[in-house]
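As structure tokens, the structure follows; a few thoughts come after it.
The values are calculated or read from the model by the stated rules, or taken from the named source; none is laboratory data. Since this is a predicted model, take the numbers as computed values, not measurements. FYI the Cβ positions are ideal-geometry reconstructions off the backbone, even for glycines, and counts take in every protein chain you see. Areas reflect the complete protein model, heavy atoms only, side chains present, ligands, DNA and RNA absent. Shrake-Rupley method; radii C 1.70, N 1.55, O 1.52, S 1.80 Å.
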Amino acid sequence: MILYLIRHAKTSWNDRGLWQGNVDIPLNDEGYLQAKKLAQRFSGLSIEAIYTSPLSRSYQTAEEISKGLLQQPIVESSLRECEISLWNGLTMSETLEKYENQYKYWSMNPLATVEGVESLQNVQNRTVNAIQQISSSHRGNVIVVSHAIAIKMVICWVLGLPIPFSRNFRIENASVSALDFSDNPRLILLNDTCHLL
């Protein structure tokens, strides 16, 4: 089976470079256009199920994709984004200006305990557990719509990379990454956005 990891399409906060975490921001107009392009990409493929984070930006992306597949998105709470309420609504530069020590500690130490911020190890544990349960429940191809940090944690697990290495690659809005679960999980596609061109 192929498991497609899709980051949600754009929101107004993405355009402004703001941390969103679990703030429930919906797609903007460009995001809906991106979601429609994702739907076109997957319309000819055999997809057994579509799973999504409960956050609106993810669910709306999954819902658009599902229209051409006659599949109702299945909400899985473990696919939600990292909890980062300490930095929600801030840009990266503002985060570093106000919380540089906390951010560096969190980003370099997967077990870091920072009030208002979920540890990256916890994000990896819950997202990988969800992916393993999903993959064991299906034989056909599956779509999972989630978030940048959550997807990065899954990819680090598949590649056997230390979590801080997640900073060395990007997961763009409406991008597609893919895992082959035919044997041991293997990464076969990373951050593909050709459908948006």
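Both the radius of gyration and Dmax for segment 101-192 are 13.7, 45 Å, in that order, over alpha-carbon atoms.
Between Phe169 and Ser46, the simple label model (points 7 Å from Cα in the Cβ direction) yields a spacing of 2.7 nm.
Comparing Phe42, Phe181, Phe169 in a Gaussian network model of the chain where C-alpha atoms under 10 Å apart are linked, the largest mean-square fluctuation is found at Phe169.
In whole percents, the pair-distance distribution calculated for segment 146-197 from its alpha-carbon pairs, binned every 10 Å from zero, is 24, 56, 19, 1. Comparing Arg57, Arg186, Arg16 in a Gaussian network model of the chain where C-alpha atoms under 10 Å apart are linked, the largest mean-square fluctuation is found at Arg16. To the nearest 10 degrees, how steeply does helix 29-42 sit against the main Cα axis of the chain, on a 0 to 90 scale? Between the helix axis and the principal axis of the chain, the angle is about 40 degrees.
Counted residue by residue at 0.36 nm each, then reduced by the alpha carbon distance between them, the extension gain from Glu115 to Glu100 reaches 4.0 nm. As I understand it, the value is the acute angle between the Cα axis of helix 120-136 and the longest principal axis of the Cα atoms of the chain; what does it come to in degrees, rounded to 10? In the chain, helix 120-136 runs at an angle near 10 degrees to the longest axis.
Can you pull the percent of the chain's accessible area that's carbon plus sulfur, 1.4 Å probe, other chains left in place? Spell out each step's value before the answer.
Numbers: 4420 of 9180 Å².
Taking all protein chains in place, the chain shows 48 percent carbon and sulfur surface.
Taking label positions 7 Å along the Cα-Cβ direction at both Gln72 and Leu190, the computed distance is 3.8 nm, reported to one decimal. Note on Glu48: accessible area is roughly 80 Å² with a 1.4 Å probe, heavy atoms of protein only. Remark: relative contact order (segment 5-63) = 45 percent; criterion is Cα-Cα distance under 8 angstrom and separation of 6 or more residues.
If you wrap the chain's Cα atoms in a convex hull and average its projection over all directions, what's the area in nm²?
Numbers: hull surface 40.4 nm².
Quarter of the Cα hull surface area: 10.1 nm².
Take every pair of alpha-carbon atoms less than 8 Å apart whose residues are at least six positions apart; their mean separation over the length of segment 1-146 yields a relative contact order of 36 percent.
Positive end of the dipole of segment 3-50 (Cβ unit charges, origin at the Cα centre): among Gly31, Phe42, Gln20, the Cα lying farthest that way belongs to Phe42.
Taking the DSSP beta bridges with both ends in the chain, the antiparallel portion is around 50 percent.
Per residue, the solvent-accessible area of the chain (1.4 Å probe, heavy atoms of protein chains only, all protein chains present) comes to 47 Å². Taking the longest Cα principal axis of the chain as reference, the axis of helix 148-159 is set at about 80 degrees. Using a/c under 1.5 as the rounded threshold, could you call segment 70-152 rounded, prolate or oblate? The axes a ≥ b ≥ c are square roots of the C-alpha gyration tensor eigenvalues, and prolate needs a/b larger than b/c, oblate otherwise. In terms of gyration-tensor shape, prolate.
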